[in-house]
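Enquirer: Starting off with a structure, shown below.
The values are calculated or read from the model by the stated rules, or taken from the named source; none is laboratory data. For clarity, every value in this text was computed on a predicted model and none was experimentally measured. Cβ placement follows ideal geometry from the backbone for every residue including glycine, while neighbour counts extend to all protein chains displayed. Heads up: the accessible areas ignore ligands, DNA and RNA and are worked out on the full protein's heavy atoms, side chains in. Shrake-Rupley method; radii C 1.70, N 1.55, O 1.52, S 1.80 Å.
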Amino acid sequence: MTAKADHILLLAGTSEARQLARTLAETFPESRLTASFAGAVRDLPDLGVPTRVGGFGGTDGLLAFMRHEGITFIVDATHPFAAQMSHNAAEAAKMLKVPLVRLERPCWQPGEGDAWTNVLTMDDAARALPDGARAFLAIGRKEIERFTHRNDIFGLVRMIEPPKTRLPSAWELILSRPPASADEEVSLFLEKNITHVVTKNSGGSRSYAKIEAARVLKRPVIMIARPDLPEAETAPTNSALVDRLRQILARGS
Ligand code: NAP
């Protein structure tokens, strides 16, 4: 049985985390649950559970928060590229001997006929684009500055919040979340005459439409590998994660 003193910290930032908040609240009604967002995006979803927003202040800040709130479990459902948060969480969990399970959705894999160039870094991705490319850049507002020196290419940049860096004047910026359907992406790529797609290997279904569209249009994809994440127990899906949490909470350690 779940102990009353349990307080789960859900580190959010993925669409899976939204679903997890509901599932955890339903599955462990006797536990406290607090969700946490970085706060980089203004229109945050209402998770329906107590939620805090903003950085903790590094590992020390996170440790202080966990001690103050009596956190007994961390669910790390951050984006796979939010490596700093995952490192801080793993370190804090280890120091306080609090169990942690990270949601690690499987990486996207190329399908038959896909032309992927796998690269390790944003800089490698920027270098991999040929002169004159018309690139769809789905890479995030912090990372876009690794590409803006490429005045010889056209960039179609899509992100949720505007970048801090000024984009080359010929580039276009779309401020939106990714569409659900590949058809929308296909239309966009055709309209803008996109020749290359640059993306982080985020995994999951929420932003997969661009990969499908690249496949349909036979456009090459420059796929940026995930950063190294700390050693931790992982679960590939929300249901696997909840099952694991159930086991750990039931045994009380
Ligand atoms: P990061 O480098 O891991 O995080 C930077 C700092 O943001 C962390 O050290 C932490 O600040 C704070 N932070 C991150 N997630 C938090 C959370 N859930 N609750 C409270 N604080 C949090 O990650 P990032 O800079 O946010 O993003 C890095 C990459 O991941 C980018 O490519 C971005 O596009 C992608 N991404 C991130 C998110 C997200 O929600 N973080 C969502 C989608 C995509 P303190 O050290 O002060 O605690």
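Enquirer: Note down the relative contact order for the chain as a percent, whole number, built from C-alpha pairs under 8 angstrom at least six residues apart.
Expert: The value is 21 percent.
Enquirer: Also, I was wondering about something else. Please compute the net charge surrounding residue 11, taking Lys and Arg as +1 and Asp and Glu as -1 over other residues with Cβ under 12 Å from its Cβ.
Expert: Summing Lys/Arg as +1 and Asp/Glu as -1 gives 0.
Enquirer: Given segment 193-253, what whole percent of its Cα pairs are spread farther than 12 Å? Please report the intermediate quantities before stating the final value.
Expert: On the way: 1389 of 1830 pairs.
Beyond 12 Å sits 76 percent of the P(r) for segment 193-253.
Enquirer: Do you know the Lys pair count in the chain for C-alpha distances under 13 Å, with sequence separation 8 or more or different chains?
Expert: Here the count comes out as 4.
Enquirer: Also: When the label point is put 7 Å from the Cα of residue 107 along its Cα-to-beta-carbon vector, which residues of segment 164-200 have a backbone N closer than 14 Å?
Expert: Taking a point 7 Å out along Cα→Cβ of residue 107, the residues of segment 164-200 whose backbone N falls under 14 Å are 199-200.
Enquirer: Here is a further query. I want to check the label-to-label distance for residue 120 and residue 170. Put each point 7 Å from Cα in the C-beta direction and report it in nm to one decimal.
Expert: Label at residue 120, label at residue 170, 3.2 nm between them.
Enquirer: Still on this structure: Might you tell me the accessible area per residue for segment 18-174, computed with a 1.4 Å probe and given in Å²?
Expert: 52
Enquirer: Could I ask something else about it? Counting only Cα, what are the radius of gyration and maximum Cα-Cα distance Dmax of the chain, in Å?
Expert: Values for the chain (Cα only, Rg and Dmax): 19.7, 62 Å.
Enquirer: OK, next. With bins 10 Å wide starting at 0, give me the P(r) of segment 84-125 over every alpha carbon pair, in whole percents.
Expert: P(r) for segment 84-125, in whole percents per bin: 20, 30, 26, 20, 5.
Enquirer: For residue 127 paired with residue 231, estimate the spin-label separation in nm (one decimal), with each label point 7 Å from Cα along the Cα-to-Cβ line.
Expert: It is 3.2 nm.
Enquirer: Below 8 Å, C-alpha to C-alpha, sequence gap of six or more: please give me the relative contact order for segment 6-51 in percent.
Expert: Over segment 6-51, the number comes to 45 percent.
Enquirer: Convex hull over the Cα atoms of segment 134-212, averaged projected area in nm²?
Expert: 4.9
Enquirer: Then there's this: Using alpha carbon centroids, what distance separates segment 176-253 and segment 102-172, in Å?
Expert: Result: 15 Å between the Cα centres.
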